[in-house]
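Notes for the one structure printed next.
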Amino acid sequence: MNFLAEIRSRFAKSLHSLTGFEGDVAPVLEQIRPSDGKFGDYQANCAMPLGKQLGKPPREIAAALVESLDVADLCEVPEIAGPGFINLKIKDEAITTALAAAAKDTQHLGVPQAAEPRCMVVDYSSPNVAKPMHVGHIRSTVIGAAIANVLRFLGHKVITDNHIGDWGTQFGMIIYGYKHFVDESALAKEPVAELSRLYKLVNSLVEYHGAKTSGLPAINERIAKQEQTVAELSAAEPTGDKKADKQAAKKLRQAEAALGDLRKEKESIEKKIAAVDEDATLAAMAAEHATIGRAVLDETAKLHADDVTNKELWNKFLPACMDEIQKTYDRLNVSFDHTLGESFYHDRLAAVVTDLQQRGLATESDGAMCVFLEGFAAPFIVRKQDGAFLYSTTDLATIAYRLEEWQPDAILYVVDHRQGLHFEQLFATAKQCGCENVELEHVSFGTVLGEDGKPYKTRSGSAVGLMGLLDEAVDRARAIADESPVLTTDDERQQVAERIGIGGIKYADLAHNRTSDYTFSYDKMLAMNGNTAAYMQYSYARVRGIFGKAKVTEEQALAGADSISIDSPEERALAMQLLRFAEALDKVVEDYRPNHLTAYLFDLAQAYATFFQNCPVIKAETEELKSSRLALCALSARTLETGLGLLGIECVERM
RNA sequence: GCGCCCGUAGCUUAGUUGGAUAGAGCAGCGGACUUCUAAUCCGCAGGUCACAGGUUCGAAUCCUGUCGGGCGUGCCA
């Protein structure tokens with residue numbers, strides 16, 4: 001049962017009989033929403049805007065709506081309050097009936113399936129496979145998986161696709177590394193470790209030369225320029241105009257800050273150079289491979305041109321790379337229906353450009369093939385001067401393939417917000433090529449920040465490895481498991497630590513509004529109190545503990561759902577919260593934001609805790625009451641487990 | 001320069017086509033343990049919703065301006 005949806009549909013009927021009302025009911029129904037309990041369970045706020053629209057007093061509209069509203073089976077008599085709020089309180093019988101139905105629906109806990117199922121492609125994670133996954137991949141992976149799970153749970157057809165980067169310069173690096181630095185025995189024994197070593201080695205040499213030949217001079221030049229700007233700004237005489245002087249002071253401040261940033265950047269470049277210079281072996285390699293940057297691009301180009309040797313190497317290395325990222329996915333318990341990376345679209349790219357040209361959308365400019373779009377300052381470049389294709393080209397080919405293969409109603413891209421412009425241009429271009437009927441959505445998210453408020457990096461400035469991050473979280477979670485009085489074996493403690501640690505990382509990420517940046521903190525995500533995975537998992541374990549004490553299974557407890565009593569306020573509040581699960585999931589899907597679900601589950605855990613504190617279960621006054629309360633416990637456990645499961649978070653029986 | 005996003009309690013934040021007294025959690029203070037797991041619960045305190053105008057029955061939310069911050073911006077992804 002979804003009370004909100006049900007009430008809205010009743011109101012829709014009532015609106016049709018409202019004299020003078022014409023037009024779309026949907027926006028009016030939006031004005032009917034859950035209430036915070038002070039005035040009832042739901043409130044309809046539509047009478048006020050309707051009053052304005054129809055030129056009648058809102059209270060009169062409210063009265064007319066209530067008059068024709070048929071909700072007697074669901075609600076107590078509606079009350080009109082204030083300027084025209086309609087307050088609705090769900091009848092206790094309706095609640096207990098819905099609970100009984102939810103208990104019988106083992107698959108969906110009473111959550112209705114979508115009336116019009118949509119076919120949705122969800123594109124998330126998308127790492128570069130030759131590089132180790134880092135902290136930046138968490139959000140896309142975790143948010144994308146959660147959205148896909150929820151959509152599927154609601155009855156939509158979901159196709160998940162991991163658009164991996166398996167065709168880029170990283171492979172040029174590995175190929176170059178293989179040709180010059182490989183340790184064959186290491187490659188045979190531990191291919192992933194050896195490939196990773198080669199990647200890192202070549203990358204550091206490329207960066208070394210890049211820093212020396214262009215990076216350092218460029219930054220010096222920028223610093224000199226910035227110093228001049230600062231000097232000019234600070235030399236400027238006050239004009240006497242207050243506003244102008246304030247502006248000037250601000251400009252100076254900003255210029256000085258920018259100069260500071262540049263100097264820091266220079267420091268890190270110098271550090272990279274020093275790291276090679278100070279290591280005799282590396283320095284010798286660097287001297288020997290002076291043109292490594294160019295050579296790596298050449299190896300990449302040869303791969304793209306179907307060079308036999310490089311293609312063979314690519315075929316040889318790819319499985320090992322895939323195994324490596326698969327380890328991360330196994331640990332995160334995330335999977336995909338398809339993994340169609342950049343390489344899959346390789347031979348379709350030329351056709352994309354030709355097609356754009358034939359449609360008259362793409363034209364040549366400065367040797368590059370560009371789509372000039374109205375409303376955009378920069379062109380959407382689909383082929384470079386040197387003839388190489390870009391990710392814009394691949395993305396267009398990918399859309400075409402997905403439409404052809406799956407005929408989706410929507411394609412969601414769970415990608416960080418810095419690529420916003422790219423997707424705006426991509427979608428605008430696609431719309432002009434016959435993709436008008438598909439919803440293309442950039443489900444963007446903010447940056448993961450360190451506790452200093454800057455993007456989360458290691459002390460040396462490199463990206464934080466994802467596996468190391470998970471290990472650290474699990475290590476710290478182990479301290480929580482070690483404190484548990486109920487965990488007896490080391491194995492069990494370790495399993496619990498794993499679930500708390502990984503769950504903590506996922507939950508912290510999902511609990512934040514995806515559009516804002518969020519601050520990564522082990523201490524906060526692993527706290528036992530507050531809105532964390534550990535608290536949610538503990539809540540679940542406590543509920544499960546009841547069944548052990550009462551010597552019943554969850555299924556037996558659930559059987560009592562046919563006659564649940566909600567006489568106490570705590571029981572009623574818990575029951576209502578249980579029945580709002582469907583609403584929470586609807587909200588997640590509405591704007592693709594899983595934080596609505598974490599918020600719901602946290603509220604549920606709190607409602608349960610309050611119930612548990614005030615309503616004895618095993619020691620209930622009567623057998624009937626005990627059975628009723630056990631059923632509430634069982635539904636709470638099921639809902640917590642199901643909700644957390646949709647978020648990709650596993651529960652534990654005891655902790 | 002131009003474009004996009006953001007600014008809510010000491011900290012982390014919820015709040016989306018405008019709704020009733022802006023909700024939480026953490027930290028702080030005060031209560032409740034011969035326990036159904038106190039790893040919990042209850043209460044208190046804490047807010048000029050960055051600032052200034054405007055729109056109206058009503059604004060954290062919409063509009064304009066200001067201040068502060070992040071990101072992006074022709075050949076990386």
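The values are calculated or read from the model by the stated rules, or taken from the named source; none is laboratory data. Keep in mind the model is a prediction, meaning the values are calculated, not measured. Every residue, glycine as well, gets a Cβ built from its backbone with ideal geometry; the counts of neighbours run over all protein chains shown. Note: areas computed on protein heavy atoms with side chains; ligands, DNA, RNA excluded. Shrake-Rupley method; radii C 1.70, N 1.55, O 1.52, S 1.80 Å.
Helices (runs of 4 or more DSSP H) fully within segment A:550-655 that include at least 3 residues being open to solvent by less than 10 Å² (accessible area, probe 1.4 Å) and closer than 29 Å to A:Gln494 by Cα: A:595-614, A:623-646. The residues listed here are A:Ala351, A:Ala377, A:Ala397; of these, the one that is within 16 Å of RNA strand B (Cβ to nearest atom), of a type in the set (A, V, I, L, M, F, W, C) and either touching a residue at least 12 places away in the same chain (Cβ under 8 Å) or touching a helix residue (DSSP H, G or I) at 6+ places or on another chain (Cβ under 9 Å) (or both) is A:Ala397. Name the residue that is most open to solvent (accessible area, probe 1.4 Å), counting only residues in segment A:500-538 that are within 8 Å of RNA strand B (Cβ to nearest atom) and part of a helix (DSSP H, G or I). Result: A:Lys524.
Conditions tested, residue by residue: (1) aliphatic (A, V, I, L, M); (2) at pLDDT 95 or above; (3) closer than 30 Å to A:His346 by Cα; (4) part of a loop (DSSP other than H, G, I, E, B).
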residue	(1), (2), (3), (4)
A:Glu116	no, no, no, yes
A:Met120	yes, yes, yes, no
A:Lys131	no, no, yes, yes
A:Ile147	yes, yes, yes, no
A:Ile175	yes, no, yes, no
A:His180	no, no, yes, no
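Within segment A:353-371, track down each residue that is out of contact with any strand residue (DSSP E or B) (no Cβ under 7 Å at 6 or more places or on another chain) and either in a helix (DSSP H, G or I) or among the small types (Gly, Ala, Ser) (or both). Please lay out each step first, then the result.
Initially, segment A:353-371 is screened for residues out of contact with any strand residue (DSSP E or B) (no Cβ under 7 Å at 6 or more places or on another chain), giving A:354-355, A:357-360, A:364-367.
Listed by number, the residues that qualify are A:Thr354, A:Asp355, A:Gln357, A:Gln358, A:Gly360, A:Ser365, A:Gly367.
Restricting attention to segment A:373-389, the residues that are surrounded by fewer than 17 Cβ atoms within 10 Å (Cβ to Cβ) and either at pLDDT below 90 or farther than 15 Å from A:Lys431 by Cβ (or both) total 9.
Do we find a residue being crowded, with 18+ Cβ neighbours inside 10 Å, touching a residue at least 40 places away in the same chain (Cβ under 8 Å) and not basic (Lys, Arg) anywhere in segment A:179-189? Write out each step before concluding.
To start, the set of residues in segment A:179-189 that are crowded, with 18+ Cβ neighbours inside 10 Å comprises A:187.
Then drop every residue that is not touching a residue at least 40 places away in the same chain (Cβ under 8 Å), which leaves none.
Within segment A:179-189, not a single residue is crowded, with 18+ Cβ neighbours inside 10 Å, touching a residue at least 40 places away in the same chain (Cβ under 8 Å) and not basic (Lys, Arg).
Within segment A:103-111, does at least one residue satisfy the condition of being within 16 Å of RNA strand B (Cβ to nearest atom) and touching a residue at least 12 places away in the same chain (Cβ under 8 Å)? Checked against the condition, which is being within 16 Å of RNA strand B (Cβ to nearest atom) and touching a residue at least 12 places away in the same chain (Cβ under 8 Å), segment A:103-111 yields no hits at all. From the list A:Leu74, A:Leu109, the lone residue that is farther than 19 Å from A:Leu585 by Cα, in contact with a Lys or Arg (Cβ under 8 Å, 6 or more places away or on another chain) and surrounded by 20 or more Cβ atoms within 10 Å (Cβ to Cβ) is A:Leu74. Per the conditions (1) more than 30 Å from A:Glu571 (Cβ to Cβ); (2) within 8 Å of RNA strand B (Cβ to nearest atom), the sole criterion not satisfied by A:Phe21 is (2). Only residues that are surrounded by fewer than 17 Cβ atoms within 10 Å (Cβ to Cβ) and assigned to a helix (DSSP H, G or I): list them for segment A:277-292, please. Listed by number, the residues that qualify are A:Asp277, A:Ala280, A:Thr281, A:Leu282, A:Ala283, A:Ala284, A:Ala287, A:Glu288.
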